[in-house]
Amino acid sequence: MFELLSFGDAGWGDEISRGLVTTLILAVICFVTGTFVGLMLTLLRRAGRFSRFVVGAYVTVLRGVPELLVIYLFFFGTGVFVRGVAASFGYTEYINLSGFFLAALALTCITAAYSAEVFRGAASSIPPGQAEAARAFGFKPSKAFRLIELPQLIVVALPGLGNIWLILLKDTALVSLTSVAELMRQSTVAAGATFRPFTFYAIAAAIYFIISMFSERAVTAVERRIAITGER
Amino acid sequence: MTRHQISVENLRKSYGQLEVLKGVSLAADKGEVVSLIGSSGSGKSTLLRCLNLLEVPTSGALTLEDQPVEYVVRNGALNETRAIRQYRASLGMVFQNFNLWRHMTAAQNVQAPLRHVLGLSKSEAHERAERALEQVGLFDRRDHYPSQLSGGQQQRAAIARALAIEPKVLLFDEPTSALDPELVKEVLNVIVKLAEGGATMMLVTHEMRFAREVSSKVAFLDAGQIEETGPPSQVFDAPSSERCAQFVSSASH
């Protein structure tokens, strides 16, 4: 068992570790960009009836389609789309988009849709008097958002965002089907090469579990730290 | 030349078909305390909220220190220009539900408009906030969050926040209506003290005895119009309007 996980040519330790690093990088990038886009979508929703409709449609579609399918659509569709656009500008050389990039794009879009819902729910829990007081004292809308609404929004949204992080972390495994060499993919390769599928899948499961466990603790710790004092 | 600290002229406000304010004119001179009384639905809170444009008037003229306040309404929404923000920042608003920012301590609440709207330095804001909190008797509670303060203390912190911007007019929207009866007094005492200090105020209140004591002028609103206006002795003791007489006698018992 330990030989299997040793580093170098004999074992799969280095492949698995590299896979783990890819998984973590992918998850972190998608979480940061996805929640940022989700927050922007929440703001866009307030900009008018049309933008509210567009954001609503986006969120509904991305939440209504299986994640694996979204990843496939991005994976197989984006290349066609980009090449089509490029061709219409007269650029005919083959454009190869990296699998990692497409995976990150798909997961970011999914995360954005889910987090937009979390932010919307959180925003509606803030009493309107908070923003009204900011207006009454002459705050610029951007400052009112940054200084008054956002700090309260994050506190309320945090448990929901923690959930999104955990789901995202595990959704990165779906990307293995598009041959991005993340943790799940490397485990599958190792399982196939060694004829020890159970061992490698169990190792992968343990790694996902450990990351999730630490994430949960981190979320709880942050929640405690930034809780609005006195309000539980 | 009459010099009004703040005034509205022929103010109208409709929500769809419903006209809430039907051409109201009212002014407060420097150092005057003007109380708005009337039954609920009479439009007195709407009038106060139109003064700092939290509600957008359908029509009517506003002035501050005899200067017209220009406001542009587009698609039913106020065009929030820098001039509007500056105007608002020169009026100190105290809300019925305090509306202290929940994630900030009392001191931070008072400092926030000073730092982020008036652009004072950290030390100036700190100093002014401490003075304002001292004035409302909340200095030793300055580091408490709103949730750790009683209703009366929260409202006093909110008054300190309005006071600290050194406003040209203080606006109070039913400042004691959300308070437990035993906490009303501490808030009213602070307001009386400010009035005696020469602050110009407009206040909406249900506390008749307080209105009589603190006001230089009382305006009785009924169905979106000012039915009676004058010194408290006239409005409370010898109103010429029958409606006002009825309201005053039922409200004081």
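The values are calculated or read from the model by the stated rules, or taken from the named source; none is laboratory data. Because the structure is a prediction, the values reported are computed rather than measured. Because the Cβ atoms are built from the backbone with ideal geometry, glycine has one as well, and the counts that use them run over all protein chains shown. Each accessible area value is taken on the protein alone, full model and side chains, heavy atoms only, with ligands, DNA and RNA left out. Shrake-Rupley method; radii C 1.70, N 1.55, O 1.52, S 1.80 Å.
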Looking at region A:26-44 only, could you name the residues that are out of contact with any Phe, Trp or Tyr (no Cβ under 9 Å at 6 or more places or on another chain) and of a type outside the set (Phe, Trp, Tyr)? A:VAL28, A:ILE29, A:CYS30, A:VAL32, A:THR33, A:VAL37, A:MET40, A:LEU44
Return the residue satisfying two criteria in turn: it lies in region A:177-212 and is in a helix (DSSP H, G or I) and open to solvent by 70 Å² or more (accessible area, probe 1.4 Å), and of such residues it is farthest from the other protein chains (Cβ to nearest Cβ). A:PHE198
Give A:GLU117, A:GLU132 a once-over and let me know the one that is at pLDDT 95 or above, among the acidic types (Asp, Glu) and closer than 22 Å to A:GLY34 by Cβ. A:GLU117
Of the residues in region B:88-124, those that are in contact with a Pro (Cβ under 9 Å, 6 or more places away or on another chain), closer than 22 Å to B:ILE6 by Cβ and more than 7 Å from chain A (Cβ to nearest Cβ) number 5
For region A:78-116, name all the residues that are farther than 30 Å from A:VAL156 by Cβ, under 20 Å from the mean Cα position of the chain (by Cα) and part of a helix (DSSP H, G or I). A:THR78, A:GLY99, A:PHE100, A:PHE101, A:LEU102, A:ALA103
Strands (runs of 3 or more DSSP E) contained in region B:137-250 and holding at least 2 residues farther than 30 Å from B:HIS116 by Cα and open to solvent by less than 50 Å² (accessible area, probe 1.4 Å): B:217-222, B:225-230
Within region A:131-142, how many residues are part of a helix (DSSP H, G or I), at the interface with chain B (Cβ under 7 Å from one of its Cβ atoms) and open to solvent by less than 10 Å² (accessible area, probe 1.4 Å)? 2
Positions within region B:58-87 being part of a strand (DSSP E or B), away from every other protein chain (no Cβ under 14 Å) and either farther than 21 Å from B:LYS22 by Cβ or of a type in the set (Val, Ile, Thr) (or both), in sequence order: B:THR63, B:GLN67, B:PRO68, B:VAL73
Does A:ILE164 meet the test of being crowded, with 21+ Cβ neighbours inside 10 Å, in a helix (DSSP H, G or I) and more than 14 Å from chain B (Cβ to nearest Cβ)? yes
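Okay, residues lined up against (1) under 12 Å from B:ILE226 (Cα atoms); (2) in contact with a helix residue (DSSP H, G or I) (Cβ under 7 Å, 6 or more places away or on another chain); (3) open to solvent by 10 Å² or more (accessible area, probe 1.4 Å); (4) assigned to a strand (DSSP E or B):
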position: B:SER14; (1), (2), (3), (4): no, no, yes, yes
position: B:LEU26; (1), (2), (3), (4): yes, no, yes, yes
position: B:GLY41; (1), (2), (3), (4): no, no, yes, no
position: B:THR46; (1), (2), (3), (4): no, no, yes, no
position: B:LEU53; (1), (2), (3), (4): no, yes, no, no
position: B:VAL56; (1), (2), (3), (4): no, no, yes, no
